[in-house]
1. Being crowded, with 16+ Cβ neighbours inside 10 Å and touching a residue at least 60 places away in the same chain (Cβ under 8 Å) is the filter here, so list the residues in segment 274-298 that pass it.
2. What are the residues in segment 227-258 that are part of a strand (DSSP E or B), over 30 Å from Leu200 (Cα atoms) and of a type in the set (S, T, N, Q), if any?
3. Quick check on segment 275-298. Is at least one of its residues closer than 30 Å to Thr93 by Cα, of a type outside the set (A, V, I, L, M, F, W, C) and in contact with a Ser or Thr (Cβ under 6 Å, 6 or more places away or on another chain)?
4. Report yes if some residue within segment 146-161 is within 60 Å of the chain's Cα centre (by Cα), not in a helix (DSSP H, G or I) and not polar (S, T, N, Q); otherwise report no.
5. Just need a number here: residues in segment 154-189 that are buried (at least 17 other Cβ atoms within 10 Å of the Cβ) and free of Cβ contacts under 8 Å to residues at least 24 places away in the same chain.
6. Could you figure out which of (1) touching a Phe, Trp or Tyr at 6+ places or on another chain (Cβ under 9 Å); (2) under 19 Å from Met244 (Cα atoms) isn't true of Ile318?
7. If Ala343 satisfies all but one of (1) over 40 Å from the mean Cα position of the chain (by Cα); (2) in a strand (DSSP E or B), what's the number of the condition it fails?
8. Select, from Phe334, Phe311, Phe326, the only residue that is without any contact (Cβ under 8 Å) to a residue 12 or more places away in the chain, within 38 Å of the chain's Cα centre (by Cα) and on the phi < 0 side of the Ramachandran plot.
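Bear in mind that the values in this text are calculations on the coordinates, not laboratory data. It should be emphasised that the depicted structure is a prediction, and the values quoted were computed from it without experimental measurement. Neighbour counts run over all protein chains shown; Cβ positions are idealised from the backbone, glycine included.
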Amino acid sequence: MSSQSPIHPPKPRRVLLLLCACAVGAIGLAVSGVMDRATSRQEVAAWTNEQAIPTVRLVKPERGPGEQELILPGNVSAFYAGSLFARASGYVTAWHRDIGAHVTKGETLAAISAPDLDQQLEEAKAQLVQLQAAVEQAQANADLGRVTDQRTSQLVAQGWSSKEQGDTDRLTAASRAAALAVAKANVTAQQAAVSRLEELTRFEEIKAPFDGVVTARNVDIGDLVNAGGTSGRALFQIADIHRMRIYVNVPQAFLGELAPGIKATLHLPGQKETFAAELASTSNALAENSRTALIELQADNPEGKLWPGAFAEVHFHIPSDPSALFIPLTALVFGAQGMRVAAVDADDKVALKPVTLGRNLGNRVEIESGLSLSDRLIDNPTESTQTGDVVRIAGADGKTPAVAAAGKAEPAPAKSD
């Protein structure tokens, strides 16, 4: 027979201790789970509250520059420009200057053959010779009539001739004197006709009216041209480009600041060089459809780099108030309460402030009142931005702004399972 070791029943005290240890472990696990869930809920609530604070980018008012730059499109024109048409009808026999040629006043550009006009001139000169001969004949008759009248008047006074004969000779002398005056008047009229035709024959040569550059030639040898035509194309176009005129349409809002003497800079597409210009005059009238006024600037062009008809970007240099404040247009808040800005104080809280606007420069706007240089403004504020809102400054180092407890959710108390 094998012997077995005796089985001793566990002591009651040891069992009790084991049960207590198990209970303590269970309680610890429960408490740990509850605390972990409570901590997680607090973190979620804190994250939610933090995400409810909008992040904004700030801008500050800036002083205006010493001069305000206004940029507008302009058209470049020659100081003088002339279109040359034919004043004599005929055929073009030659042209001497082409486009781009520099010409001087009185220089011949083309020649026209006008035989009809030349024949008219010769005929008029011949008629003038005839009328001059008629004057000589009338002069002789007038002299004869005057002498005869003098002789007859003496004979009548002495009784050797009748009064009737005296009257006849006196009236004959007066008639011949009048015929002489008519003959002289005919000569004067014919001389004027000859001078007119001689002047027209001078137009058989097309000449430059001033020093300049030929910008267009619309004539060739053999072309028939008609006198007095101004509706078609000009034979030549001449431009004086030693000094240029620049015309700009300026909006009404800037006219008060533009006066003769204001400087400007011209930028032309395709050219790196800029050109200085000066305001010369204004039209003193507004176009009703655009509310703009035409102004004229002038610029020296000694090297001929400015061409008539070119487009120019005109940069006006307008003296401005150095104390004026400017902000980006995106910092404005448009609403029923008028124009406002969203300022941020030292506690990162929003305050909506009304402002008075000045000039609108496109991407910037002038503030006449309502702001100081130290104000911090929200760029691109939302429509829901209200006074008292707390914001986070983008790129700022520091703690998260405090949030009012009344407006934020508190973590719910944990429930034990």
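1. Result: Leu297, single match.
2. Here is the first cut: in segment 227-258, the ones part of a strand (DSSP E or B) are 236-251.
Remaining after also requiring over 30 Å from Leu200 (Cα atoms): 242-251.
Result: Asn249, single match.
3. Here is the first cut: in segment 275-298, the residues closer than 30 Å to Thr93 by Cα are none.
Taking every residue of segment 275-298 in turn, none turns out to be closer than 30 Å to Thr93 by Cα, of a type outside the set (A, V, I, L, M, F, W, C) and in contact with a Ser or Thr (Cβ under 6 Å, 6 or more places away or on another chain).
4. Our first condition is that a residue be within 60 Å of the chain's Cα centre (by Cα); within segment 146-161, this holds for none.
No, the conditions are met nowhere in segment 146-161.
5. Residues meeting the conditions: 3.
6. (2)
7. The single condition Ala343 does not satisfy is (1).
8. Details: Phe311 fails: without any contact (Cβ under 8 Å) to a residue 12 or more places away in the chain; Phe326 fails: without any contact (Cβ under 8 Å) to a residue 12 or more places away in the chain.
The unique qualifying residue is Phe334.
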